[in-house]
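Below: one structure, written as structure tokens.
The values are calculated or read from the model by the stated rules, or taken from the named source; none is laboratory data. No experiment lies behind these values; they were computed from the predicted model shown. Every residue, glycine among them, receives a Cβ derived from its backbone with ideal geometry; neighbour counts consider all protein chains shown. These area figures cover heavy atoms from the full protein model, side chains too; ligands, DNA and RNA do not enter into them. Shrake-Rupley method; radii C 1.70, N 1.55, O 1.52, S 1.80 Å.
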Amino acid sequence: MFSLPVAALAQAASGDLLEELGAAESAAEADRIEKAIYLEWSKSGSAAMDLLLKRGRDALEVNETASAIEHLTALTDHAPQFAEGWHALALAYYQAEMFGPAMDALEHVLAENPQHFGALRGVAAIHEQLGNEALAYDAYTRVLELRPFDEEVTGALERLAGQVQGIEI
């Protein structure tokens, strides 16, 4: 097993940034803070693990899903406590339409970093795709609490509200 104390420190450092994100007053400010948070979350503390993350993300960008899954599985095997490695693996599985493994990877992310709004958004998207509207709605609500100004999440909540909350007569 691989120890990544730097990753744990980076995750802890993102706490202040998450508070700033929750208090953001504009979409531009929220975007700036989100980028800083992802930068912190992407610090593994190991050049080798950072390389695997980069290779996996690069493969995802060019739709080489199988290659991405290989790199990111190696990353999570060697650094199982690195939440961002699991998040990238979840994205690869999602891109491959492998929703069970994607959800499993997202559970690993949230076990390591319960405030990972990207993972929560992934959980919501999978639940929505599988027809679990109430679970999707709950996850989207949590995302919006952590990450304001997300128009896609706001749209999803509006879309699901009638199905989950019912229609007032």
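Points worth noting:
- The residue that is surrounded by the most Cβ atoms within 10 Å (Cβ to Cβ), counting only those in the stretch 150-162 that are among the aliphatic types (A, V, I, L, M) and out of contact with any Leu (no Cβ under 8 Å at 6 or more places or on another chain), is A156.
- Scanning the stretch 132-169 for residues that are at pLDDT 95 or above and not in a helix (DSSP H, G or I) yields one hit, N132.
- Any chance L9 is farther than 27 Å from E151 by Cα and at pLDDT 95 or above: no
- L72 being open to solvent by less than 20 Å² (accessible area, probe 1.4 Å) and without any contact (Cβ under 8 Å) to a residue 40 or more places away in the chain: yes
- Among the numbered conditions (1) more than 15 Å from the chain's Cα centre (by Cα); (2) at pLDDT below 95; (3) surrounded by 14 or more Cβ atoms within 10 Å (Cβ to Cβ), the only one that E64 does not meet is (2).
- Annotation: A79 fulfils all but one of (1) crowded, with 24+ Cβ neighbours inside 10 Å; (2) closer than 24 Å to E151 by Cα; the unmet one is (2).
- Residue match in the stretch 82-101 (condition: in contact (Cβ under 8 Å) with a residue 24 or more places away in the chain, touching a helix residue (DSSP H, G or I) at 6+ places or on another chain (Cβ under 7 Å) and closer than 28 Å to G162 by Cα): yes
- Residues of the stretch 119-149 satisfying the condition of being in contact (Cβ under 8 Å) with a residue 60 or more places away in the chain and either closer than 20 Å to P80 by Cα or buried (at least 16 other Cβ atoms within 10 Å of the Cβ) (or both): L146, R147, P148, F149
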